[in-house]
1. May I ask you to list pairs of residues, at least six apart or on different chains, whose Cβ atoms are under 8 Å apart, with the first in segment 93-110 being within 20 Å of Thr82 (Cβ to Cβ) and the second being of a type in the set (Asp, Glu) and open to solvent by 30 Å² or more (accessible area, probe 1.4 Å)?
2. For Ser67, which of the numbered conditions (1) touching a residue at least 40 places away in the same chain (Cβ under 8 Å); (2) open to solvent by less than 40 Å² (accessible area, probe 1.4 Å); (3) out of contact with any helix residue (DSSP H, G or I) (no Cβ under 8 Å at 6 or more places or on another chain) fails to hold?
3. Looking at Glu81, Glu94, Glu105, can you tell me which residue is open to solvent by 60 Å² or more (accessible area, probe 1.4 Å), under 13 Å from Thr19 (Cα atoms), of a type in the set (Asp, Glu) and in contact with a strand residue (DSSP E or B) (Cβ under 7 Å, 6 or more places away or on another chain)?
4. Answer with yes or no whether Lys113 is open to solvent by 30 Å² or more (accessible area, probe 1.4 Å) and touching an Asp or Glu at 6+ places or on another chain (Cβ under 8 Å).
5. Just checking, does segment 2-20 include any residue being of a type in the set (D, E, K, R), at pLDDT 85 or above and in contact with a Ser or Thr (Cβ under 8 Å, 6 or more places away or on another chain)?
6. Is at least one residue of segment 158-174 modelled with pLDDT under 90, within 23 Å of Ile23 (Cα to Cα) and open to solvent by less than 60 Å² (accessible area, probe 1.4 Å)?
7. Across segment 38-51, which residue is farthest from Leu78 (Cα to Cα) among those that are within 18 Å of the chain's Cα centre (by Cα) and open to solvent by less than 40 Å² (accessible area, probe 1.4 Å)?
Amino acid sequence: MIFEYSDVEPTKSSDGIVTMKGIIQKAQSPNANNRIYPRPILEREDAKYQELIKERRSLGELDHPDSPIVQLENVSHLLTETNWDGDDLVGTVEVLDTPKGQILEKLINRDIKLGISSRGLGSVTENQGKTIVEDDFQLICFDFVSEASTEGAYLKVSERLEKQLNNVTTRGDRINRALNELL
């Protein structure tokens, strides 16, 4: 399997849904694994992935499993949109209210840097010291991971989200304050 990593920035909507937008894959340039994805291959796979996005089946997991199959019990997020900015594939991700999605959101809330990584199947060839992804590459999904191979490919909590999170008062917070005042 082929895994790649990139960087996204989270925000929180008024209805409490955390979304992130950022670079999810890069074409034409070597990453830390010295792997290069030719743009035509990524464009083809992104075009095929649009059907999954349209049907809201573009699910990803928290961490890369060894399997090429997305396991529903491990799903943490949904990719809702992609577009190109030069050779960068930019995506929007919605964190889901699943057990793994809740873990992902808690990590985000604690300002933990996370990367986003493509998972796919295919072969590579070596050419002048670079590893080139071949035409048989098939994109499976994008997963959140702790280690990124693409430079700067880590999720960061945005200043806007940080302010929103600091202003959120949960029922537990109110109970704790009341108990502290009584003691």
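1. Final answer for the pair search is Val95/Glu105.
2. Every condition holds for Ser67 apart from (1).
3. After applying the criteria, what remains is Glu81.
4. Values: open to solvent by 30 Å² or more (accessible area, probe 1.4 Å): yes; touching an Asp or Glu at 6+ places or on another chain (Cβ under 8 Å): no.
Criteria not met by Lys113.
5. Taking segment 2-20 as the starting set, the residues that turn out to be of a type in the set (D, E, K, R) are 4, 7, 9, 12, 15.
Next, only the ones that are at pLDDT 85 or above stay: none.
Checked against the condition, which is being of a type in the set (D, E, K, R), at pLDDT 85 or above and in contact with a Ser or Thr (Cβ under 8 Å, 6 or more places away or on another chain), segment 2-20 yields no hits at all.
6. Checking segment 158-174: at least one residue is modelled with pLDDT under 90, within 23 Å of Ile23 (Cα to Cα) and open to solvent by less than 60 Å² (accessible area, probe 1.4 Å).
7. Out of the qualifying residues, it is Leu42.
Residue-by-condition table, conditions (1) under 21 Å from the mean Cα position of the chain (by Cα); (2) more than 20 Å from Lys26 (Cα to Cα):
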{"residue": "Asp87", "(1), (2)": "yes, no"}
{"residue": "Glu94", "(1), (2)": "yes, yes"}
{"residue": "Pro99", "(1), (2)": "yes, yes"}
{"residue": "Arg110", "(1), (2)": "yes, yes"}
{"residue": "Gly115", "(1), (2)": "yes, no"}
{"residue": "Asn127", "(1), (2)": "no, no"}
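The values are calculated or read from the model by the stated rules, or taken from the named source; none is laboratory data. Just so you know, these numbers come straight off a predicted model, no measurement behind them. In this analysis, Cβ positions are derived from the backbone assuming ideal geometry, glycine residues included, and neighbour counts consider all displayed protein chains. Each accessible area value is taken on the protein alone, full model and side chains, heavy atoms only, with ligands, DNA and RNA left out. Shrake-Rupley method; radii C 1.70, N 1.55, O 1.52, S 1.80 Å.
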